[in-house]
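The values are calculated or read from the model by the stated rules, or taken from the named source; none is laboratory data. As the structure is a computational prediction, the values presented were derived from the model and not from experiment. A quick note on method: Cβ atoms are made from the backbone with ideal geometry, for glycine too, and the neighbour counts reach across all protein chains shown. To get the accessible areas, we keep the full protein, side chains included, count just its heavy atoms, and leave off ligands, DNA and RNA. Shrake-Rupley method; radii C 1.70, N 1.55, O 1.52, S 1.80 Å.
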Amino acid sequence: MKKLLTALLLGAAATVATAQAWPAKPVTLLVPFPPGGSTDAIARLLGNKLQEQLGGSFVIDNRGGAGGTIGTAAVKRAPADGYTILVSSLGPLVIGPHLLKNLQYDPTKDLDYITVAVQAPNVLVVPAASPHKSMADVLAYEKANPGKMSFASSGNGSSDHITAELFWLQTGTSGLHIPYKGGGPVMTDLLGNQVDSSFMNINTALPQIKAGKLRALSITSAQRSPVLPDVPTMDELGIKGLQVYSWQGVAAPKGLPADIKARLHAGIVKTLNAPDVKPKLLEQGFEVVANTPEQFTAFQASEFARWKKLIEERKITAD
């Protein structure tokens, strides 16, 4: 009994020592998407600042594929020692699991949720040359021409796709969904008047809206955005139940030591609220969330249920 107690105490002491020494080697921030997108940008911002705050080095590992689920599965398989951290958008955590078969992880059981870093609403945009000058124009056209108005998205099951599906459900209308492989081609065809509209992330659309090349008709946030104060919310226009945010969150393999989780969480919150970071994020249309692990866990569960219901109701597939 005495030997067992000694072994337990030594084990506990070793765990505490490991946590206190963290990070003693490079920490991998795994982004389950290619470089260049919003999630990648947030990961690089966090990596640079966490190095300054916590010491050690933080390296980005981009592992795209299957809507972010390949990289997320790799995080699930990694040791829960604080040296592999997931920086992901909502896709692999609350949407992909309802669309893809044989997923190699369960987002409700296999991850420790640390914080939602930022969120950004979507904006319904049309090309500047579009005849649709307002949401009323869009609704009138869709009701007169069911299934005709094209809505481009960055892929099946993406935030912009499910926002369009929710929009049609809530307004009793229908349009034509055109999925692309990524946001870049969507922007190209939208600016070239090849597609009629898109529910774009505000941070993606903002430069082209400000340049006068895209027209923003409505936003999916609870209140108007400070960077687009003249654009009405869906709620203001009488379209209820269409509050949608794209978000970037930080998670780790299940079983992350509490001390490492606390240090990582504190470092991220401090980074996002820093005077040289927060204003720049706001300028791009990102809202800082920086919530607690408990709040993120509850939020993931509610988002998971919300999008499951919509995907089943609208019979959305990954094909």
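Quick check on my link table: of Lys109/Lys261; Lys143/Lys213; Lys254/Lys308; Lys109/Lys254, which ones sit more than 19 Å apart, alpha carbon to alpha carbon? Working shown, then result.
Working: Lys109/Lys261 17 Å; Lys143/Lys213 26 Å; Lys254/Lys308 23 Å; Lys109/Lys254 8 Å.
Table pairs above 19 Å Cα-Cα are Lys143/Lys213; Lys254/Lys308.
I want to verify the translational diffusion coefficient of the range 219-258 in µm²/s; compute it with Stokes-Einstein, Rh as the Kirkwood radius over Cα pairs, at 25 °C and 0.890 mPa s. List each step's numbers first, then the result.
Details: Rh = 12.6 Å.
In µm²/s, the coefficient is 195.
Just the Kirkwood number for the range 61-197, please: inverse of mean 1/r across all distinct Cα pairs, in Å, one decimal.
On the way: mean 1/r = 0.0590 Å⁻¹.
17.0 Å is the Kirkwood radius here.
Give the Rg/Rh ratio for the range 186-257, taking Rg as the radius of gyration of the Cα atoms and Rh as the Kirkwood radius, to two decimals. Please list the in-between numbers first.
On the way: Rg = 15.7 Å, Rh = 14.2 Å.
Rounded to two decimals, Rg over Rh is 1.10.
Any number yet on Rg/Rh for the range 79-127, C-alpha, Kirkwood?
Looking at the range 79-127, the ratio lands at 1.07.
Between 0 and 90 degrees, rounded to the nearest ten: what's the tilt of helix 293-313 against the longest Cα principal axis of the chain?
It works out to around 40 degrees.
Restricting the count to DSSP beta bridges whose residues both fall in the chain, what percent are antiparallel, rounded to a multiple of 5?
Values: 24 of 39 bridges.
Within the chain, antiparallel bridges account for around 60 percent of the total.
Would you give the gap between the C-alpha center of the range 134-155 and the C-alpha center of the range 51-129, rounded to a whole Å?
Cα centroid to Cα centroid, the span is 31 Å.
Using the Karplus curve 6.51 cos²θ - 1.76 cosθ + 1.60 with θ = phi - 60°, what ³J(HN,Hα) values do you get for each residue of the range 31-44, in whole Hz, with x for Gly and Pro?
Residue by residue, the range 31-44 yields 9, x, 9, x, x, x, x, 4, 5, 4, 5, 5, 4, 5 Hz.
Is any residue of the range 69-86 close enough, with backbone N under 20 Å, to a label point placed 7 angstrom from the Cα of Asn102 along the Cα-Cβ axis, and if so, which?
69-77
Quick one: compute the contact order of the chain, relative version, from alpha carbon pairs under 8 angstrom and 6+ residues apart, as a percent. Before the final figure, lay out the partial values.
Values: 582 pairs, mean separation 80.4, N = 319.
Reported as a whole number, the value is 25 percent.
Once both axes come from the Cα atoms, what is the angle between helix 258-272 and the longest principal axis of the chain, in degrees from 0 to 90, rounded to 10?
40 degrees
Using a 7 Å offset from the Cα along the Cα-to-Cβ direction at both Lys213 and Ile60, what is the distance between the two label points in nm, to one decimal?
Using points 7 Å along Cα→Cβ, the separation is 2.2 nm.
Could you give the C-alpha radius of gyration of the range 179-319 expressed as a fraction of 2.2 N^0.38 Å, taking N as the number of residues it contains?
Values: Rg = 17.9 Å, N = 141, 2.2 N^0.38 = 14.4 Å.
Relative to the rule-of-thumb radius for its length, the range 179-319 sits at 1.24.
Test of understanding: given the chain, find the longest segment containing no trypsin sites (Lys or Arg not before Pro) that are in a DSSP loop and have at most 11 other Cβ atoms within 10 Å. Don't skip to the end; give the middle numbers.
Values: sites that count: Lys101, Lys109, Lys133, Lys181, Lys240, Lys315.
The longest uninterrupted stretch comes out as 1-100.
Please work out the average accessible area per residue across the range 110-209, using the 1.4 Å probe convention, and give it in Å². Before the final figure, lay out each step's value.
Working: 3400 Å² over 100 residues.
Value returned for the range 110-209: 34 Å² of accessible area per residue.
Of the heavy-atom accessible surface of the range 255-319 (probe 1.4 angstrom), what whole percent is carbon and sulfur?
Numbers: 2040 of 3520 Å².
C and S atoms contribute 58 percent here.
For the range 169-225, take every pair of Cα atoms, bin their distances at 5 Å starting from 0, and report each bin as a whole percent.
Percent of pairs per bin, in order: 4, 15, 26, 26, 17, 12, 1.
Using the heavy atoms of the protein chains and a 1.4 angstrom probe, tell me the accessible area per residue for the range 68-109 in square angstrom. Intermediate values should be presented prior to the final figure.
On the way: 1570 Å² over 42 residues.
I get 37 Å² per residue for this part.
Under 17 Å from a point placed 7 Å out from the Cα of Asp230 along the Cα-to-Cβ direction: which residues of the range 173-210 have their backbone N that close?
Answer for this model: 206-210.
Could you check the simple spin-label distance between Lys143 and Ala78, using points 7 Å along Cα→Cβ, in nm with one decimal?
With each label placed 7 Å out from Cα toward Cβ, I get 5.1 nm.
Apply the Karplus curve 6.51 cos²θ - 1.76 cosθ + 1.60, θ = phi - 60°, to the phi angles in the range 59-68 and return the couplings in whole Hz, x for Gly and Pro.
Per-residue couplings from phi come out as 10, 8, 10, 8, 10, x, x, 6, x, x Hz.
Which whole-number percentage describes the relative contact order of the range 219-319, with Cα contacts under 8 Å and a sequence gap of 6 or more? Show your work: numbers first, answer last.
Details: 49 pairs, mean separation 18.0, N = 101.
Averaging sequence separation for qualifying contacts and normalising by length gives 18 percent for the range 219-319.
Radius of gyration and Dmax for the range 241-319's Cα atoms, expressed in Å?
Over the range 241-319's Cα set, Rg and Dmax evaluate to 15.9, 45 Å.
Quick one: pull the percent of accessible area on the range 115-197 belonging to carbon and sulfur, 1.4 Å probe, ligands and nucleic acids left out. Could you put the intermediate results ahead of the total?
Numbers: 1630 of 3030 Å².
Reported share for carbon and sulfur atoms: 54 percent.
Amide H to amide H, which residues 5 or more places from Ser154 or on other chains are under 5 Å from it, using H placed in the peptide plane?
Asp160, His161, Tyr180
In whole Hz, with x marking every Gly and Pro, tabulate ³J(HN,Hα) for the range 113-127 from phi via Karplus 6.51 cos²θ - 1.76 cosθ + 1.60, θ = phi - 60°.
Going residue by residue, I get 8, 9, 6, 7, 6, 9, 9, 8, x, 9, 10, 7, 10, 10, x Hz, with x marking Gly and Pro.
Going 7 Å from the Cα of Ala298 toward and past its Cβ, which residues in the range 223-250 have a backbone nitrogen under 19 Å from where you end up?
Within reach of a label on Ala298, which here means backbone N under 19 Å from a point 7 Å along Cα→Cβ, the range 223-250 contributes 245, 249-250.
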